[in-house]
Every structure is written in C-alpha cells, then in structure tokens.
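Student: Pasting a structure here, questions to come.
The values are calculated or read from the model by the stated rules, or taken from the named source; none is laboratory data. Note that the coordinates shown come from a computational prediction; the quantities given were computed from them, not determined experimentally. We place every Cβ from the backbone using ideal geometry, glycine too, and count neighbours over all the protein chains shown. These accessible areas exclude ligands, DNA and RNA; they are computed on the full protein's heavy atoms, side chains included. Shrake-Rupley method; radii C 1.70, N 1.55, O 1.52, S 1.80 Å.
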Amino acid sequence: MSSIVVVGANWGDEGKGRIVDYLADQASASIRFQGGNNAGHTVVNDFGTFKLHQLPSGVFNPDCIAVLGPGMVISPEKLSLEIAEVATSGVEVKLCISDRATLCLPLHALEDTLEEERLGAGAYGSTRQGIAPAYGDRVMKKGILVGWLKQPEVLRERIQFMMDWKLPQLKALYPSMEFTQTAEEMTEWLLEVSQPWRDSICNVTEPLKALQKEDKTLLFEAQLGAGRDLVYGEYPWTTSSNVTAAYAGIGSGLPALHPERVIAVAKSFSSSVGTGTLITAMEDQDQFREDAKEFGATTGRPRDMGYFDAVATRNGIELQAATEIALTKIDCLSGMKDLKICVAYNGDHTENPIWPQTASLTAVYEQMMGWDEDITGCRKFEDLPEGAQQYVLRIEELMGVPVKMVSVGPEREQMILR
Ligand code: GDP
Ligand code: MG
C-alpha cells in the first residue's frame, strides 16, 4: 500500500494534473483535498484534452474512485457540468463526495466579484468563483455543508441562517448589489442542480479506509502550489485554503495520514498568475508565454513569466517534506538563449522573512549552457541533450531531493522516469 501526495512546489499550474493522470494507473482512489472550481488541471490522454476544475485528475482510470474531500468547497452546478463533460468522452466517473465539504454558492461568486470590483486596482486577482467567501463562511460557522443536500429541511434552515447574517452586510458594503433569491428558492435550486451526484455524497473516510486495508494505492492531489498556501504562502496573495502536503490527510478524510511519497511538481521555469512579485521575471515575456502556452486554465489570464527560482522552489519542497520532484515543461526551454537559474536573492530578506518575494530583492543567477534540440520525443534521461541533462541535475542538486520524473510535453506518455 502506498499513499502518494502530489503538490505544487511553486505558485500553481506546475502540471500537477498531468502527473496525477500519469500515476492514476497504479491507484485505486484519486482524491482532491482542497480548493474548488478555481482549479485548472490540464490532462491530455487517450480520452482527449480536459481542463479539470473540481474532479480529481485520476478520473480517467476506471478502476479509481474519484473523491472530492472534506477540505474542498464545491460549486454544485459547475460540478454537474464537469461530470457531464467528462462523461461525453466515454469516461464513467465513480464519485465519492464528502458530506463534510462546503458548498460554494453563486452568492459567494457574486460576493467575490463585488469585492474585487470594490478593490479596483488593489484587487487580489481572484478567479471570482466565490472560493474565499465560501471558506470564509465555513470559518465563521455559516457554511453550507454538502451533506445537508440529503436533509432538505436542515439545508433550508441553514441557508436562511446564513442569509440573515450575510445579506445585510453585503447590501451595506455594496449598495448596487442585486440579489432577490429567497432561502426557499436557493434550496430548491440546490436540490435540482445537485441531482446528478447527490447519491454519491458520503462519509469518504469509509471507502478510503477500506482501500487502505486492502493495501491499495491512494493518490492525493493539491490545487495551486506552496507559494499560495493560506498559512505558508505569500499572504495575502494566497488562496483561501491549505495547499501544502501536510493538509492532504485532513482535507481527504484521513486526518492521520503519513504519506509514503510526496511528489512536489516543479516547473522548469517560473510562472505566476494573479498578483504578487515574481523576482525572476523575464524582461521579454510575450514570446515565451505564447510558446509555453502560459495562460490561466480557469480564466485565460496571461501568466507572469520568469526563470527557475531555486530559492522559492526549495522553500516549496522543504515546507512539504517532498520526497521527490516531478519537473515539468522542460521542453519549453529548448532554444532559449540566456538560460539561467536563480540560486539566491540579493537584498534585505528581513523586510519579509515569511516568503521574501518583495520588489526590493533581486535574483542572483547562474548561467546554464542550454540546448537547441526538440526534446519532446525523448523518453530516457540519456536521450536528452547535454544541456538539458545538466539543467535537471543542477536543479536536483539545488533542491536536495531526487528529480524522479521529467516531463517533455503535455501528453501522458511524454515522460522520462529516473
Ligand atoms: P496544474 O494546475 O498544476 O495541474 O497545471 P495546469 O494544467 O494549470 O498547467 C500546466 C500546463 O502545462 C497545461 O496546459 C499542461 O497541458 C501543460 N504541460 C504539463 N506538462 C507539460 C510538459 O512537460 N510540457 C509542455 N509543453 N506542457 C506541459
Ligand atoms: Mg492549473
């Protein structure tokens, strides 16, 4: 039996989805442990190309149950659409949805949008899916639990309770807000849109424990990366949940989990979407962004592009006690002139000792030899040109844990194992 946790070492969009899809072959459960519809995990396999938002990326293995863990906030109508979309490609999803997870309602999305508009230039760069308000309500003990979809009377009461508290505040802060739905109407709507998956709501701990007893492999999947963790990331440019590996068990229904493997997915270069400072930002980003297809999977927003940041990535690896690294998108660096790695920061770290991504710091670079060859067809480490091998080996040395997977393209088989 083994428990494999797949997390992001950077700021998200490292390619976790494709790593989980690759590993799902060996697994009996694929579990998302936090976040919600703001995730965009791209999977390219025999069934097609998918941008998964709430379903775990192991859904394409018919022998795997797909678990949406208690640490998630679930957008009910979007989940129904996603299940239908995956089903059209012939995939039958075996779902288990935690009764302890929190619903992310259209009211939360409205609140998220109104707040971003109020903040104007100072906005967080939210995906406006309602993630922060939904987690906020959970913490304020006003959240609506997924399990209540099976108890309509409780559901209606809790929605009324939440609305009595929330609506006066929203109307005071955003006078232009239009919201006329009643608790009764919201309850009816929820029962309707959750119909496709309501029978899959359960205590997910039970099936997961049963699989553990049978010595099966469980695959845990984070959304985003260490730099966006609510507690350990670049607050306040974080997401609203814990994305780091230690949360995998808590957010999955197995709070005492001790995973055997923690795979930190690191991208061969830096990219970041939303706000915050990227110390290794490249001067000319546009062409490289186009070539590397670096646009947000949920929003289509252009990502900020930079060189590999060994300081931030090592932090992301140490924070999560990663046992190994999966290095992605190295093919995108073919032909890059002036290839370099940031090995240290210059400047005063004490200004922001938590995660020192401040504009006052500059990157200290180490020049790499680079390579020109197309490497998307390489399947063995020895097949890679010398410059690419050196690049991987130097990253491994700087990170202090082995790089066991190197991906050279978005498709499932474009993978080098070491
Ligand atoms: P996630 O959120 O961590 O799952 O990552 P995303 O799916 O948001 O972003 C990763 C993007 O890179 C997706 O478009 C993937 O198809 C693509 N991708 C993943 N691995 C590779 C790779 O090795 N090479 C190339 N060229 N693209 C990759
Ligand atoms: Mg993504």
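Student: Using 0.36 nm per residue of separation minus the Cα-Cα distance, give me the extension gain between K293 and E373 in nm, one decimal.
Tutor: Values: separation 80, 0.36 × 80 = 28.80 nm, distance 1.89 nm.
Here the segment from K293 to E373 would lengthen by 26.9 nm.
Student: Now for a different question. Cross-link candidates for K51: which lysines have Cα within less than 26 Å, leaving aside residues fewer than 8 places away along the same chain?
Tutor: Correct list for K51: K16, K78, K94, K267, K293, K329, K404.
Student: So, with a 1.4 angstrom probe, what is the percent of accessible area on the chain that is carbon and sulfur?
Tutor: Numbers: 8860 of 17520 Å².
Answer for the chain is 51 percent, counting heavy atoms of protein chains only.
Student: Report, in whole Å, the centroid distance computed from the Cα atoms of region 36-98 and region 309-337.
Tutor: Here the answer is 26 Å between Cα centres.
Student: At 7 Å along Cα-to-Cβ for each site, give me the label-to-label distance between K94 and T113 in nm.
Tutor: 3.9
Student: Next question, about the same structure. Anyone know which of T49, T127, T205 comes out most mobile in the 10 Å Cα GNM of the chain?
Tutor: Of T49, T127, T205, the Gaussian network model singles out T49 as fluctuating most.
Student: Report the semi-axes of the equivalent ellipsoid for region 102-193 in whole Å, largest first, where each axis is √(5λ) for an eigenvalue λ of the Cα gyration tensor.
Tutor: Three semi-axes, in Å: 24, 14, 11.
Student: Sticking with this one: Accessible surface of H53 in the full protein assembly, 1.4 angstrom probe, to the nearest 10 Å²?
Tutor: Taking all protein chains as shown, H53 has close to 40 Å².
Student: Determine, from the Cβ-Cβ distance of T182 and K209 and an R0 of 51 Å, the FRET efficiency 1/(1 + (r/R0)^6), rounded to the nearest 0.05.
Tutor: 0.80
Student: For E318 and Q389, compute 0.36 nm times the residue count separating them, minus their Cα-Cα distance, and round to one decimal in nm.
Tutor: 23.2 nm
Student: Taking 0.36 nm per intervening residue step and subtracting the Cα-Cα distance, what contour gain separates R301 from V139 on full extension?
Tutor: Taking R301 through V139 to full extension adds about 55.4 nm, to one decimal.
Student: With an 8 Å cut-off on Cα pairs and a minimum separation of 6 or more residues, tell me the relative contact order of the chain in percent.
Tutor: 20
Student: I've got another one for you. If you average 1/r across every pair of different Cα atoms in the chain and take the reciprocal, what Kirkwood value do you get, in Å? Walk me through the intermediate numbers first.
Tutor: Details: mean 1/r = 0.0455 Å⁻¹.
One decimal place: 22.0 Å for the Kirkwood radius.
Student: Compare the peptides 59-71, 385-397, 219-231, 135-147 by average per-residue count of other Cβ atoms within 10 angstrom and give them in order, highest first.
Tutor: Working: 59-71: 23.8, 385-397: 17.0, 219-231: 27.2, 135-147: 18.8.
So the peptides 59-71, 385-397, 219-231, 135-147, ranked by packing, come out 219-231, 59-71, 135-147, 385-397.
Student: Next up: Within the chain, which whole H helices from DSSP have a Cα span along their axis of at least 27 Å and a mean Kyte-Doolittle hydropathy of -0.5 or more, if any?
Tutor: TM-like helix candidates: 152-173.
Student: Let me ask something else. For the chain, report the accessible area per residue in Å² (1.4 Å probe, heavy atoms, rounded to an integer).
Tutor: 42
Student: To continue, here is another question. What is the distance in Å between the Cα centres of region 378-418 and region 133-191?
Tutor: 48
Student: Compute the FRET efficiency between W165 and S360 as 1/(1 + (r/R0)^6), taking r as their Cβ-Cβ distance and R0 = 60 Å, and round to the nearest 0.05.
Tutor: 0.90
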